[in-house]
Amino acid sequence: ATYSLSDPTLQAYDVYGKIHTVKLQYVSYKERVGIRPGQISRLVEGHVTKYGLPLEHSAQCTVLLKFGSLNAAELFTFVATIEDILFRCVALRNNIPLYKQDEVQIHCYDEYNAYVDKFNTLSDQKARVRLFCLAFISGSPILEIGLNDRRRQGKEIVRRKDILPMYTERWIRFENVEFHNTVEQEAFEKEQVIRLSPPDGCFFEVMRFRVRPPKNREKPLTVKCVMKIAGSKVEIRIEAMAAAQTERAKSVLSSKRQVPCEDIQIRFPVPEAWIYLFREERRWGVGSVHAKVRCPGKVKNLKDRLMGTVHNIDNSLIEAAIGEAKYEHVFRALVWRIPRLPEKYHAAYKEHLLRCRFELSSFDLMPETFTPTCDVEFTMPLAMVSNTVIRSVSVEKHEDSDRVEKFVRYVAKCTYKVEIDYVQCSHLDMDATFDPIVANLTANQENIPEPHKAMFNPDEVKELHGGYRIDFSDAEIGAKRHNDADSSSDEEEDHRAMPVIQIDPKGYGY
């Protein structure tokens with residue numbers, strides 16, 4: 001059993017939006033009959049007839065506490081602090097369990113943060129690798145994990161059955177290494193092997209270290225954000241393109257597969273004065289305007305339109321070529337969610353566009369400053385940032401180490417801060433900044449309309465009155481004067497929020 005934090009999720013909060021929540025939970029595991037994806041290959045090899053029915057270790061979660069915050073940065077800081085505390089907690093192997101099916105799971109997580117300017121140049125980046133372990137092993141064994149440490153190159157002494165499939169042959173350098181209390185640090189310094197006695201049924205962090213990713217490497221996901229302002233007309237334009245990331249499948253030179261970007265989330269900040277443009281009234285409250293899935297630039301049913309049989313499609317507020325896009329009040333941003341890029345059976349280096357156009361009225365304010373960056377988050381099913389590889393997993397002091405199932409999972413969690421390019425232009429559809437075909441660039445820049453100005457000045461309006469209110473007298477609001485000699489009346493005055501209306505029933509048949 002173990003204590004852990006769940007992944008941060010969004011939960012319904014009020015009629016206006018959602019709230020960020022995370023759960024502190026107690027997780028225990030139970031061995032029962034079942035099949036997980038990693039066991040299907042062993043079933044084909046006769047795993048059922050040799051060991052009986054296939055078994056799995058299912059998790060049973062008990063929620064202890066739930067934390068919520070409307071500020072995402074505060075919640076992520078809280079999660080990081082709790083994870084640091086759990087990493088430094090002392091955990092020992094106190095019992096000697098007995099399992100029908102032994103299993104070892106190793107999880108390798110890459111965490112990557114980068115800053116990309118408006119010219120698509122990577123100016124700042126940092127990466128960290130975290131290694132987790134979950135073991136269900138009978139007795140009191142010793143677990144040895146071999147990584148692709150550069151100091152270990154050419155010095156490996158591992159049994160053939162302990163070698164795991166590798167997607168790369170690179171060797172990397174570890175920096176600022178931190179270990180859990182169960183790891184023998186002397187063995188790592190001498191042999192560069194992670195040797196430990198894992199706690200029973202406990203998902204814990206074994207180690208964490210830093211790596212230095214190269215600066216000239218191609219980014220797996222390229223995002224460009226532009227806001228064009230032409231007078232009172234505004235256009236938000238986001239372009240996303242996934243690069244070709246390939247890796248060898250199961251150490252076969254001729255076999256390769258493409259590594260996609262999954263669970264993509266692009267958040268473009270929206271000024272507070274423009275939020276109402278992205279909201280609409282519904283039957284049960286207020287909702288957000290959803291994007292129409294439409295490929296901008298493509299003309300559908302061109303033949304029918306020329307014949308006049310099809311009406312022109314009305315332009316919607318938000319148009320996206322793929323995925324879903326809408327305004328989410330919890331982020332104060334226009335959020336574009338894409339499940340996967342490139343799509344299955346699709347090629348890489350294909351641009352996908354999101355476009356949002358609207359026009360400001362005379363009552364809308366133009367902000368003096370805009371948020372400089374937008375947030376981009378996505379994951380990859382391999383450790384493509386650090387190229388960390390679990391080369392071998394050995395189980396020593398075990399009665400039958402061949403029966404131990406070994407499972408390795410790689411995940412890369414990437415976060416970008418992309419600088420937004422704010423441009424003032426003469427027209428949203430054609431501008432010298434984006435269209436190099438325009439011959440006279442100077443004349444085009446001179447035709448830029450004046451910036452949008454509201455019909456009123458909010459500072460002057462604030463000085464005129466402090467808001468709309470109705471003043472009532474004491475008699476109108478039903479206040480009564482207390483008698484000083486009356487001991488039964490309350491000492492505090494009875495303030496009433498609404499006026500008292502008296503109805504005379506005379507003349508109404510009563």
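The values are calculated or read from the model by the stated rules, or taken from the named source; none is laboratory data. Note that this is a predicted model, so its numbers are computed, not measured. Methodologically, a virtual Cβ is constructed for each residue, glycine included, from the backbone with ideal geometry; neighbour enumeration extends over all protein chains shown.
Tallying residues that are under 20 Å from L196 (Cβ atoms) and of a type in the set (F, W, Y) within segment 376-409 yields 1. Cβ-Cβ distance below 8 Å, separation of 6 or more or different chains: which pairs start in segment 158-169 with a residue that is farther than 14 Å from I145 by Cα and polar (S, T, N, Q) and end on one that is surrounded by 11 or more Cβ atoms within 10 Å (Cβ to Cβ) and at pLDDT below 85? Going by the 8 Å Cβ cut-off, the qualifying pairs are T168/E247; T168/R248.
Scanning segment 232-247 for residues that are touching a strand residue (DSSP E or B) at 6+ places or on another chain (Cβ under 6 Å) and over 30 Å from P367 (Cβ atoms), we see that the one that is modelled with the highest pLDDT is A242. Of the residues that make up segment 293-314, is at least one over 20 Å from K350 (Cα atoms) and modelled with pLDDT of 60 or more? The answer is no; no qualifying residue exists.
Could you count how many residues in segment 262-281 are among the basic types (K, R) and under 19 Å from C225 (Cα atoms)? Give the derivation first.
Of segment 262-281, the ones among the basic types (K, R) are 267, 279.
Now restrict to residues that are under 19 Å from C225 (Cα atoms): 267.
Number of matching residues: 1.
Can you give me the number of residues within segment 340-355 that are assigned to a strand (DSSP E or B) and either among the basic types (K, R) or more than 17 Å from Q245 (Cβ to Cβ) (or both)? First the steps, then the outcome.
Here is the first cut: in segment 340-355, the residues assigned to a strand (DSSP E or B) are 340-341, 352-355.
The next check asks that each one be either among the basic types (K, R) or more than 17 Å from Q245 (Cβ to Cβ) (or both); those that pass are 340, 353-355.
Here the count works out to 4.
Checked against (1) touching a residue at least 40 places away in the same chain (Cβ under 8 Å); (2) touching a Gly at 6+ places or on another chain (Cβ under 8 Å), C133 passes all but condition (2).
When segment 3-34 is filtered for residues that are surrounded by 14 or more Cβ atoms within 10 Å (Cβ to Cβ) and at pLDDT below 85, the ones remaining, listed by number, are G17, E31.
Residues in segment 354-372 that are among the aromatic types (F, W, Y) and farther than 27 Å from Y115 by Cα were compared, and the one that is modelled with the highest pLDDT is F358.
So which of F378, F331, F407, F358 is within 15 Å of the chain's Cα centre (by Cα) and part of a strand (DSSP E or B)?
Numbers: F331 fails: part of a strand (DSSP E or B); F407 fails: within 15 Å of the chain's Cα centre (by Cα); F358 fails: within 15 Å of the chain's Cα centre (by Cα).
The conditions single out F378.
How about segment 105-119: which of its residues are under 30 Å from K215 (Cα atoms) and either touching a Leu at 6+ places or on another chain (Cβ under 7 Å) or surrounded by 19 or more Cβ atoms within 10 Å (Cβ to Cβ) (or both)? If the condition is that a residue be under 30 Å from K215 (Cα atoms) and either touching a Leu at 6+ places or on another chain (Cβ under 7 Å) or surrounded by 19 or more Cβ atoms within 10 Å (Cβ to Cβ) (or both), then I106, C108, Y109, D110, Y112, A114, V116 are the ones that fit. Looking only at segment 203-220, decide whether some residue is farther than 21 Å from L382 by Cα, crowded, with 20+ Cβ neighbours inside 10 Å, touching a strand residue (DSSP E or B) at 6+ places or on another chain (Cβ under 7 Å) and aliphatic (A, V, I, L, M). The answer is no; no qualifying residue exists.
Among the residues of segment 120-173 satisfying the criterion of being small (G, A, S) and either surrounded by 12 or more Cβ atoms within 10 Å (Cβ to Cβ) or assigned to a strand (DSSP E or B) (or both), which is modelled with the highest pLDDT? Walk me through it before giving the result.
Filtering segment 120-173 for residues small (G, A, S) gives 123, 127, 135, 138-140, 146, 154.
Remaining after also requiring either surrounded by 12 or more Cβ atoms within 10 Å (Cβ to Cβ) or assigned to a strand (DSSP E or B) (or both): 123, 127, 135, 138-140, 146.
Numbers: S123: 87, A127: 94, A135: 90, S138: 87, G139: 85, S140: 85, G146: 91.
If we take residues in segment 120-173 being small (G, A, S) and either surrounded by 12 or more Cβ atoms within 10 Å (Cβ to Cβ) or assigned to a strand (DSSP E or B) (or both), then A127 is modelled with the highest pLDDT.
Can you find even one residue in segment 226-237 that is within 21 Å of A127 (Cα to Cα) and under 27 Å from the mean Cα position of the chain (by Cα)? Reasoning before the result, please.
Let us first name the residues in segment 226-237 that are within 21 Å of A127 (Cα to Cα), namely none.
No, there is no match, as no residue in segment 226-237 is within 21 Å of A127 (Cα to Cα) and under 27 Å from the mean Cα position of the chain (by Cα).
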